[in-house]
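Scroll down for the structure; my scribbles are underneath it.
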Amino acid sequence: MPLYGKTFHLKGVVQHYAWGGYDFIPALLHIPNEARQPCAEYWMGAHPSAPSLVTDGTQTQSLQELIKADPVAALTEKVYNRFGELPYLFKILDVKDMLSIQVHPSRQEAIKGFEAEEAAGIPLHAPHRNYKDKNHKPEVMVALSEFWLLHGFKPQAAIEQTLLDIQEFSILVPLFKREGIKGLFQFVMEMEQEDADIMLAPVVKRAISRKANNEISKEHPGWWVSKLYEGKEDLTNIDKGVFSIYLFNIVRINPGEAIFQGAGIPHAYLEGQNIELMANSDNVLRGGLTNKHVDVRELMKHTLFESITPNVAKGNSIGNHSINYPCPVPDFGIHKIDLDSSRYTATAQSLEIIIAIEGGAAVNGSNSIALKKGEAIAILPGEEYKIEASGKCLLFKAFVPV
C-alpha cells in the first residue's frame with residue numbers, strides 16, 4: 001500500500017568516515033554512540049548508496065522507492081523530465097579532522113570521465129575509481145558552528161609573499177613568476193616524494209613548534225599543518241596536500257553564514273559543523289590530505305587555476321521567517337527558517353526535506369507531525385502546510401527551485 005498523505009517523517013543515514021566527530025551528530029539525533037564511532041555525515045535524500053526512509057506513522061518505505069513508484073507525483077513533471085531523480089542530497093557534517101584537498105568536475109566532464117572509466121572496465125565501487133556517476137557536484141554549506149575551510153587559491157601577491165616568507169619555499173618564486181598558479185601547483189603536486197619530504201619536513205616542524213608556543217592562530221596555515229602532524233615523530237612521506245594549505249584561502253565562516261563551491265574550485269573542510277546541500281553525486285577528485293584514492297593528474301585537469309575571493313554569504317531575508325542562500329544552479333535551493341513562537345506557511349513546489357536543528361515545532365499538512373530537534377520531514381509537491389513553534393525553532397529546508 002502507498003504511504004498516506006504528502007508529509008512524512010524522514011530518517012536519514014549516518015556515515016562513519018574517519019574524519020568525523022564523536023558527539024555532535026549523535027547528540028543532534030538523540031542516538032547513543034557507546035562504541036565511539038566517528039559520525040561524520042548524516043545523509044537525507046534518495047542517493048542509491050544510502051537512501052532515507054520515510055514513514056506516515058504506519059508504513060515505512062525508502063525515499064528512493066517512493067520516488068520510483070510515481071516519479072512525477074514525487075518530483076513534479078518538470079523536475080523528473082530534467083533530472084530523472086531527486087537532484088539533491090542534504091547533509092549534516094561534523095568535521096573533526098580535515099578532509100581531502102578536492103575538486104568536483106562539471107557535468108560535461110563528469111559524463112566524459114564516467115564513460116571513460118566504464119569503457120576501461122573499472123568497477124563502480126573500485127577504490128581507485130574517480131567517477132561514480134554522470135553528474136556534477138556543486139555544493140553549498142551553511143555553518144552551524146564556527147567553521148573553517150580552504151577555498152580556492154589566494155591572490156597572486158599573497159601567494160608570492162607566502163613563498164618569500166617561508167625559507168624552504170623561496171626557491172619556488174622564479175617558477176611562480178614564470179608559470180603562475182598552475183605551473184607552481186603542478187610542480188609541487190608532482191614533486192618526487194623524497195624532494196617533498198626535504199622541503200616540507202622543516203616547515204612542518206616549525207609549524208608544530210609555533211603552534212605549541214601559541215605563536216600562530218587558525219588564520220595561519222601553520223596552525224592546520226601542526227594539527228595534521230603534531231605528535232607524529234616520523235616526518236617522512238609527508239602529504240603533498242600540505243602545500244595547498246599554504247596556497248589556498250583559509251576561510252572562517254560564522255554560524256548562519258554560507259559559501260557556495262562550484263565545479264573546479266579546489267577546497268577542503270578543516271573543522272566545524274555545517275549543513276550541506278549538493279547535487280546528487282559522489283564525484284570527487286582528490287589531491288591529498290586523505291587515505292582515499294588520490295589522482296593528481298585528474299585533479300589538475302579540472303582545477304580552476306585562478307585567484308578566488310571567497311564569497312561568504314549571510315543570505316537574503318525573503319519574509320515568512322526565512323533566509324534564502326542564493327545557489328547559482330538548478331539542482332537545489334536552501335532556506336533557513338527561524339521561528340520564535342511564530343508560524344511558517346508554504347506550499348511545496350518540489351520534494352522538500354526539512355530538518356530541525358534547534359527546538360521543535362508542530363507540522364500540519366495532510367499528516368500532523370510533532371517535529372523535534374534532529375528530526376526531519378519530507379514533503380511532496382503540492383502539499384500546503386504550516387509549521388508552528390511555541391518557542392525558538394531553527395530549521396533548514398532543501399528544495400528544487402522549479
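The values are calculated or read from the model by the stated rules, or taken from the named source; none is laboratory data. Keep in mind that this is a model prediction, so the values were computed, not measured. Heads up, the Cβs are rebuilt from the backbone with ideal geometry, glycines too, and the neighbour counts pull from every protein chain shown.
List of remarks:
- For the stretch 35-45, the condition of being crowded, with 21+ Cβ neighbours inside 10 Å, over 27 Å from residue 328 (Cα atoms) and not assigned by TED's automatic domain parsing to the domain that holds residue 327 holds for at least one residue.
- For the stretch 221-241, filtered to residues that are of a type in the set (A, V, I, L, M, F, W, C) and more than 16 Å from residue 148 (Cα to Cα), the residue that is modelled with the lowest pLDDT is 235.
- Search result, residues across the stretch 119-148 that are of a type outside the set (Phe, Trp, Tyr) and buried (at least 21 other Cβ atoms within 10 Å of the Cβ): 130, 135, 136, 137, 138, 139, 140, 141, 142, 143, 144
- Here residue 61 fits the description: over 21 Å from the mean Cα position of the chain (by Cα) and either in a strand (DSSP E or B) or among the hydroxyl-bearing types (Ser, Thr, Tyr) (or both).
- Here 181, 166 are screened, and the one residue that is of a type in the set (A, V, I, L, M) and in contact with a strand residue (DSSP E or B) (Cβ under 6 Å, 6 or more places away or on another chain) is 181.
- Taken as a whole, the structure places residue 287 among residues that are at pLDDT below 95, in a strand (DSSP E or B), touching a strand residue (DSSP E or B) at 6+ places or on another chain (Cβ under 8 Å) and crowded, with 22+ Cβ neighbours inside 10 Å.
- Single unsatisfied condition, residue 246 versus (1) part of a loop (DSSP other than H, G, I, E, B); (2) of a type in the set (Ser, Thr, Tyr); (3) at pLDDT 95 or above: (1)
- Taking the criterion of being under 21 Å from residue 139 (Cβ atoms) and without any contact (Cβ under 8 Å) to a residue 60 or more places away in the chain, the residues of the stretch 42-72 that qualify are 42, 43, 48, 50, 51, 64.
- Number of positions in the stretch 245-281 that are in contact with a Pro (Cβ under 7 Å, 6 or more places away or on another chain) and small (Gly, Ala, Ser): 3
- Candidates are the residues of the stretch 188-212 that are under 20 Å from residue 250 (Cβ atoms) and out of contact with any helix residue (DSSP H, G or I) (no Cβ under 6 Å at 6 or more places or on another chain); the one that is surrounded by the fewest Cβ atoms within 10 Å (Cβ to Cβ) is 212.
- Within the stretch 325-376, being under 26 Å from residue 84 (Cα atoms), in a loop (DSSP other than H, G, I, E, B) and charged (D, E, K, R) holds for one residue alone: 331.
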